[in-house]
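Participant: Quick one: the structure is below, questions incoming.
The values are calculated or read from the model by the stated rules, or taken from the named source; none is laboratory data. Note that the structure is predicted; figures quoted are calculated from it, not measured. Every residue, glycine as well, gets a Cβ built from its backbone with ideal geometry; the counts of neighbours run over all protein chains shown. These accessible areas exclude ligands, DNA and RNA; they are computed on the full protein's heavy atoms, side chains included. Shrake-Rupley method; radii C 1.70, N 1.55, O 1.52, S 1.80 Å.
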Amino acid sequence: MKKAIDISLGICVNVFIFTVWVYKMIISSDIPVNITDDELKTATILLILCLITISFYIRKTRLLLVNILLLLIPLFLWFMSMQQALTYHYHNYDTQISIIGFSVTLILLLQIVYRKVRI
């Protein structure tokens, strides 16, 4: 891929992960936290879709270091959300979404690192 296209796709990937994180923050921002089954399913499907599409993107990209650096910000956001959910136990669905989001982002980062080491 050309560098400009590759960098713009990497930024779009991170914007998508960030958007899912913002969606999670919006649905869990009520006090008390009340997340429905449909919101849990929507967030989970978005995260799984994100995992699948970005996994295909990782196979085609050549700028692995740039993608690692771009993925660290969403990983940090998901980690902070997961840590807060596990500490305060707001709602079971909130905790599940946070753990799934962190796991998906971590899996993506590990895929990129593995590909970087393998090359």
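Participant: I'd like to verify a number: residues in region 44-75 that are crowded, with 18+ Cβ neighbours inside 10 Å, in contact with a Gly (Cβ under 8 Å, 6 or more places away or on another chain) and aliphatic (A, V, I, L, M), how many?
Facilitator: Qualifying residue count, region 44-75: 2.
Participant: Also, quick follow-up: Just checking, how many residues over region 83-114 are buried (at least 18 other Cβ atoms within 10 Å of the Cβ), within 12 Å of the chain's Cα centre (by Cα) and farther than 18 Å from C12 by Cα?
Facilitator: Qualifying residue count, region 83-114: 4.
Participant: Suppose we filter region 60-102 for residues that are of a type in the set (D, E, K, R) and within 17 Å of S29 (Cβ to Cβ); how many remain? Spell out the reasoning first.
Facilitator: To start, the set of residues in region 60-102 that are of a type in the set (D, E, K, R) comprises 60, 62, 94.
Checking which are within 17 Å of S29 (Cβ to Cβ) leaves us with 94.
Summing the residues that are of a type in the set (D, E, K, R) and within 17 Å of S29 (Cβ to Cβ) in region 60-102 gives 1.
Participant: Among the residues of region 24-36, is there at least one that is charged (D, E, K, R), in contact (Cβ under 8 Å) with a residue 24 or more places away in the chain and open to solvent by less than 20 Å² (accessible area, probe 1.4 Å)? Walk me through how you get there before you give the answer.
Facilitator: Here is the first cut: in region 24-36, the residues charged (D, E, K, R) are 24, 30.
Narrowing further to those that are in contact (Cβ under 8 Å) with a residue 24 or more places away in the chain: 24.
With the extra rule that they be open to solvent by less than 20 Å² (accessible area, probe 1.4 Å), the set shrinks to 24.
Checked against the condition, which is being charged (D, E, K, R), in contact (Cβ under 8 Å) with a residue 24 or more places away in the chain and open to solvent by less than 20 Å² (accessible area, probe 1.4 Å), region 24-36 yields at least one hit.
Participant: For L46, indicate whether it is within 16 Å of I112 (Cα to Cα), touching a residue at least 12 places away in the same chain (Cβ under 8 Å) and not charged (D, E, K, R). Steps first, answer last, please.
Facilitator: Details: within 16 Å of I112 (Cα to Cα): no; touching a residue at least 12 places away in the same chain (Cβ under 8 Å): yes; not charged (D, E, K, R): yes.
No; evaluated as a whole, the condition is false for this residue.
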